[in-house]
Amino acid sequence: VVLGLFVEFGSSYKLILIKENLTWSEAMRYCRQNHVDLVSVHSEEIDRRVMNVVKRASTAAVWLGLHNYCSMNMWLWLSGEIVCYQNWAPGNGTTPENCSLEKRKGAVQSGGDQRWISLPESHKLSFICSRY
Ligand SMILES: *[C@@H]1O[C@H](CO)[C@@H](O)[C@H](O)[C@H]1NC(C)=O
Ligand SMILES: *[C@@H]1O[C@H](CO)[C@@H](O)[C@H](O)[C@H]1NC(C)=O
Ligand SMILES: *[C@@H]1O[C@H](CO)[C@@H](O)[C@H](O)[C@H]1NC(C)=O
């Protein structure tokens, strides 16, 4: 059941905030079934729009389509691209993760300076789907 969503228009790449609290994998499945995918933030422009949309979230952070490929010490977008443009909170994203712990995914803080943070994938957060 979708309890709330906010559709951001203004471009052909639409961002939709889904206010359900799901794990990263559940969120990805939801986006793929109902929209296109969890959002990939390749540019400052999309990041600005993400910041605008997440202000309405009820969780402190919101899932992005960002996953950690631990053995390679790399972060990738679900679209397959390497992270070039980035907006990590200090200490997040840049230091290698512990590969013997739970896998890490990327989220954006919904308040404060709205930087990206690395979280264990079982955290339940709101999330942003993309749609063309
Ligand atoms: C999601 O979690 C937040 C923070 O814990 C809570 O305030 C909100 O009511 C939850 N939303 C749903 C739909 O369960
Ligand atoms: C990631 O960022 C958060 C929020 O600023 C901070 O609390 C946390 O300590 C950072 N993680 C690491 C490993 O530094
Ligand atoms: C990674 O986590 C494991 C299990 O908690 C721990 O034993 C190990 O010391 C950690 N490794 C690093 C590099 O922190």
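The values are calculated or read from the model by the stated rules, or taken from the named source; none is laboratory data. None of the values given here were measured: they were computed from a predicted structure. In this analysis, Cβ positions are derived from the backbone assuming ideal geometry, glycine residues included, and neighbour counts consider all displayed protein chains. Just the protein is used for accessible areas: all its heavy atoms, side chains included, with ligands, DNA and RNA removed. Shrake-Rupley method; radii C 1.70, N 1.55, O 1.52, S 1.80 Å.
Report the normalised scattering of segment 4-131 as log10 I(q)/I(0) at q = 0.23 Å⁻¹, calculated by the Debye formula with identical scatterers on the alpha carbons. Those come out to -1.54, one per q. Residue-wise HN-Hα couplings along segment 41-58, as the Karplus relation 6.51 cos²θ - 1.76 cosθ + 1.60 with θ = phi - 60° gives them from phi, are 10, 7, 9, 4, 5, 5, 4, 4, 6, 4, 4, 5, 6, 6, 4, 8, 6, 9 Hz; Gly and Pro carry x.
Given a 1.4 Å probe, how much area per residue of the chain is accessible, in Å²?
On the way: 6730 Å² over 132 residues.
With the other protein chains kept in place, the chain gives 51 Å² per residue.
Cysteines of the chain lacking any other cysteine Cβ under 4.7 Å from their own Cβ: C84. Of all accessible surface on segment 4-131 at a 1.4 Å probe, what whole percent is carbon and sulfur? The value for segment 4-131 is 50 percent carbon and sulfur by accessible area. Of the residues W63, W77, V53, the one whose Cα sits farthest toward the positive end of the charge dipole of segment 1-121, with +1 on the Cβ of Lys and Arg and -1 on the Cβ of Asp and Glu, is V53. In this structure W88 has an accessible area near 20 Å², from a 1.4 Å probe over the protein heavy atoms.
Structural descriptor for segment 4-131: relative contact order 37 percent, calculated from alpha carbon pairs under 8 angstrom and at least 6 residues apart. Of all DSSP beta bridges located in segment 4-131, what percent are antiparallel, nearest 5? The antiparallel fraction comes to roughly 90 percent. Note on T94 and E26: with the Förster distance fixed at 35 Å, the Cβ-Cβ geometry gives a FRET efficiency of about 0.80.
Hey, what's the per residue convex hull volume over the C-alpha atoms of segment 66-127, in cubic angstrom? Please list the in-between numbers first.
Values: hull volume 5.6 nm³, N = 62.
Cα convex hull per residue, to the nearest whole number: 90 Å³.
Annotation: amide H-H contacts under 5 Å for E20 (H modelled 1.01 Å from N, sequence separation of 5 or more, or interchain): F127. Rounded to the nearest Hz, the phi-derived 3J(HN,Hα) couplings of segment 75-92 under the Karplus curve 6.51 cos²θ - 1.76 cosθ + 1.60 (θ = phi - 60°) are 10, 10, 7, 4, 5, x, 7, 6, 6, 9, 4, 8, 9, 6, 5, x, x, 9, where x marks glycine and proline.
Looking at this model, which pairs from K103/K124; K19/K124; K19/K103; K14/K105 are more than 19 angstrom apart at the alpha-carbon? Kindly include the intermediate steps, with their values, before the conclusion.
Details: K103/K124 14 Å; K19/K124 11 Å; K19/K103 23 Å; K14/K105 22 Å.
The pairs that break the limit, which is 19 Å between Cα atoms, are K19/K103; K14/K105.
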